[in-house]
2 protein chains.
Amino acid sequence: MASSLTHTERWTLLLVAGASVAVISNTFQGDGAPLVASIAFSTLAFSMTFAFIRWSGPAFAKAGLKGKDMSKLRPVELPEGMGAVAASVYILVLMAFIPFAFYKDIVAATSGGGNRDVVLSITEVDTGRFLHRFPHSKLSSYQSALNTLQVTTILGIADDILDLRWRQKFFIPAIASLPLLIVYYVDFGVTSVVVPNFLVPYMPGQARLIHLSFLYYLYMSALSIFAPNSINILAGINGIEVGQSMVIAGLLIINSSLYLVPFPGNPVLNNGYAKNPHPATDSHLLTLYLLLPFLAVSTALYIHNRYPARVFVGDTFCYVAGMTFAVVAIMAHFSKTLLLLLIPQIINFIYSCPQLFKLIPCPRHRLPKFNARTGLLEPSITPWPPEKPPSKPLTAVFFALEKLHLLQVTVEPKTNRISATSNLTIINLWLVWRGPMREDQLTRELLIMQTACGFLGLLVRHTMALLIFSVDNRGKYGNAFPV
Amino acid sequence: MASSLTHTERWTLLLVAGASVAVISNTFQGDGAPLVASIAFSTLAFSMTFAFIRWSGPAFAKAGLKGKDMSKLRPVELPEGMGAVAASVYILVLMAFIPFAFYKDIVAATSGGGNRDVVLSITEVDTGRFLHRFPHSKLSSYQSALNTLQVTTILGIADDILDLRWRQKFFIPAIASLPLLIVYYVDFGVTSVVVPNFLVPYMPGQARLIHLSFLYYLYMSALSIFAPNSINILAGINGIEVGQSMVIAGLLIINSSLYLVPFPGNPVLNNGYAKNPHPATDSHLLTLYLLLPFLAVSTALYIHNRYPARVFVGDTFCYVAGMTFAVVAIMAHFSKTLLLLLIPQIINFIYSCPQLFKLIPCPRHRLPKFNARTGLLEPSITPWPPEKPPSKPLTAVFFALEKLHLLQVTVEPKTNRISATSNLTIINLWLVWRGPMREDQLTRELLIMQTACGFLGLLVRHTMALLIFSVDNRGKYGNAFPV
């Protein structure tokens, strides 16, 4: 891989970076414009990630972080684990953004300048400063998100370098989510879920809420284990890890933007903000502050990782991506919406379970097989040697799955025994359905599928939710319940 | 290096870890006992670091993180960058400690159980929880410390793996200190320093305080650049990096403990706490929460890094160590005390400047030279080849320094020109003064020197400060000024 930027790239990135800095420095006015600053920080993050990935590729390879791209006619060694660069830029940008996210509050807290709604009690103290009501709870939410993402990055890098074992790395996200859960406990502590309408009559006292208490923390912890690992196992072809993360991030951005649009009948103030903003506006703004730069660094990484890949992303990226989604879902109370967007990942996980839990043999890599003759990808298989064929019940299950088009089964014609089954990932399943295809085509189709599923999920979320639950948290039925 | 624990080690560590967990789970009573929990977490951290370093050594070496110990008769390859393990455990323990540090506040905030001094206004809200006064500002201080340490770790690992250039890594700590400075700005904003008594008459209006404003932020930023880099350049012999960090951490722990002891005339309550605690008690407690686990993980690392070293610590450890000191000094307002403890590092930095800034040639490594015949370390030298001798003024300076016993100069007898000068580190200077010695002896003497300087510094701090300043922040003269 060329390790320097082309002439066009250099000037484009410099221009983007320059414009970003100009916009950022202009947001220090009035109440500040955190969303504008966030967008500008994102474009800056894009430029930085793009350049750093290009420049540091050889250093990664030299440090032994490299791997062969096996789905190519002439496998070349590519730098591995470059997602760590994207994650690092992401974290640095999130840090640099802190003063911008809280600019209005800092101004109010430190100068007392007119914003009496924020400064509730002013008492001059010895040092000539004011006691104030800086929204520390918001700051500590933001910081706990940062903490969680950082420890995810550190453990991801450890995994990329040291090649941790499955049982060691499975719980990494659970540890990483600790700071988030603690702050959740202190700040919101909302552990009740809404009961679907059709179940209300059967609830004791016809309650509309169930208090899950500590089970809710288990649920959030499980979410933060599931999201990173589910992205990490839907992997193996150029661009798929970053691509799916970009789709999910994009859909979450659309979802959160819905809460920022003034809803009907609510007057808009001079400064462009709604007079009575949705109660969840603040948490959805925070979501955007986290997702916009994530989308930006992912895009820069995607450009280098798409077919034909020039770098590999490594585990760090998958972990940080999944954890970013878990973090925003927990902070802004839309974990069920996130699960709707993760449907392909959920199906892939369930479908993979027999292999993940070693019920049937699992090779180290399950990525599709490259057919050098045709240049196309085919489903990879688990061989069943004649001396160790699948058991009778398993054979029956395999044939049933084949009939449902959920498995490719190869039968040894002489013995009539199963000699191979396709590996249990939806990537292989897609190839079973659609036949062999080029790697870029496969990634494209899977990403289109992910996008379609996601839009459907959002549609369900915002229309049908009212059929199942008595309240929706979008629009005038706004409430503070976690949905 | 053996990668498994011996029988004795395994059982000792298991015992220590078990006892730690038992103590930790017992601190969830009454107001909680955060300091006891912190000590137990530290012993747990020690066990974890010890075992993880032992276990992961081969994985580090396999990943290419290894280096030769040149100061041995038979140089062996040792795992490099193992400080990253210590740093990771340190961060995980600091995270797990959050609920313990704030246990009292969490109890008060979530149950409203009797602690009316903490719960100022109780209003039941929709979800059956209470609005409360959780000390978010304390939490966000703690979290910003964590953020700073984590980004330091990430950038340190990047340096260890990618071998960043000097100009790239110099500013790493400055970026890492951003979250801390932001929270400092919001929370304390104390940017005034006390004027020494003898200068007061000359101040306009005989002011006793100077308001430094943004210069104070530059000063804190400079401190967080200086501390990590200064430890990183006082390096190169077995155990010196970790050893000096342990000495400094130990002295800072002693210093902070002084603020927890009830001072004369102040009654002690039933729970063992002073009735009118020193105003700086809280911030010094926070200091202990950060330093105790740091000392613990450093000790585990030191056991593997001391002569004859079985692992190298890498840049990550030096950065995290220095940044830990900078963080506590900034949070608890004792940056001048820290500088007193860093006197050997300051002298080493000043002494190194001519080489660091390339005024005179600087080889890549300046560690002492191992004499294989005697088995002793000797000062390493910068050669001045005959065709490129030092200039006339430089020669004069060199001879002057030699007269002051601050340099070893080798003169070519034929031409009477300087052919070599010792490298400018205090490690080499110590060998110039004391003559060649064994590596372990050298480390020991330097650490004794560091300890002696530190105690002297603390003595100056707590006795002579009153001669120079009108107030001391220890004892009944307590005040909130940064000293």
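Read the figures in this text as sums done on the coordinates, not as results from a lab. Remember, predicted model here, so these are calculated numbers, not experimental data. Virtual Cβ from ideal backbone geometry, glycine too; neighbours counted across all protein chains shown.
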Shielding by partners, peptide A:140-152 (average Cβ within 10 angstrom, other chains): 5
At 0.890 mPa s and 25 °C, Stokes diffusion of region B:359-409 via Kirkwood alpha-carbon radius, µm² per second: 193
Exceeding the 32 Å Cα-Cα cut-off - candidates A:Lys358/B:Lys68; B:Lys68/B:Lys392; B:Lys138/B:Lys336: A:Lys358/B:Lys68; B:Lys68/B:Lys392
Label spacing, shortest first and in nm, from A:Phe357 to its equivalents in the remaining copies (7 angstrom along Cα→Cβ): 6.6
Mean Cβ neighbour count within 10 Å, used as a protection proxy, ranking B:341-348, B:309-316, A:358-365, B:373-380 highest first: B:309-316, B:341-348, B:373-380, A:358-365
Net charge of neighbours whose Cβ lies under 14 Å from the Cβ of B:Val409, counting Lys and Arg as +1 and Asp and Glu as -1: 0
Environment charge at B:Ser4 (Cβ cut-off 15 Å; Lys +1, Arg +1, Asp -1, Glu -1): +2
Copies compared at A:Leu459 - label distances in nm, ascending, label defined 7 Å from Cα in the Cβ direction: 8.1
Across the identical copies, how the B:Lys414 labels are spaced - nm, sorted shortest first, 7 Å along Cα→Cβ: 8.5
Percentage relative contact order, region A:11-72, counting C-alpha pairs under 8 Å, at least six apart: 33
Estimated vicinal HN-Hα couplings, Hz - region B:321-328 in sequence order (Karplus 6.51, -1.76, 1.60; Gly, Pro = x): 4, x, 5, 4, 5, 4, 4, 5
Scattering profile of region B:171-240 at q = 0.14 Å⁻¹ [log10 I(q)/I(0), Debye over alpha-carbon scatterers]: -0.61
Neighbour-limited loop hits for chymotrypsin sites (Phe, Trp or Tyr not before Pro), region B:368-429 (at most 16 other Cβ within 10 Å; DSSP other than H, G, I, E, B): none
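With the radius of gyration and the Kirkwood radius both derived from the Cα set of region B:205-246, what is their ratio Rg to Rh?
1.29
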Estimated FRET transfer efficiency (B:Leu209, B:Asp163; beta-carbon r; R0 51 Å; 0.05): 0.65
Of every Cα-Cα pair in region A:394-457, the percent that sits beyond 18 Å: 48
Environment charge at B:Pro79 (Cβ cut-off 10 Å; Lys +1, Arg +1, Asp -1, Glu -1): +1
Share of alpha-carbon pairs per 5 Å distance bin for region B:302-364, given as whole %: 4, 14, 13, 17, 20, 19, 10, 2, 0
Mean Cβ neighbour count within 10 Å, used as a protection proxy, ranking B:320-333, B:236-249, A:439-452, A:421-434 highest first: B:320-333, B:236-249, A:421-434, A:439-452
Paired Rg and Dmax values of region A:293-408, which use every Cα atom, in angstrom: 18.6, 54
Percentage relative contact order, region B:191-260, counting C-alpha pairs under 8 Å, at least six apart: 22
Relative pair counts by distance (%), Cα atoms of region B:344-446, 10 Å bins: 15, 47, 32, 6
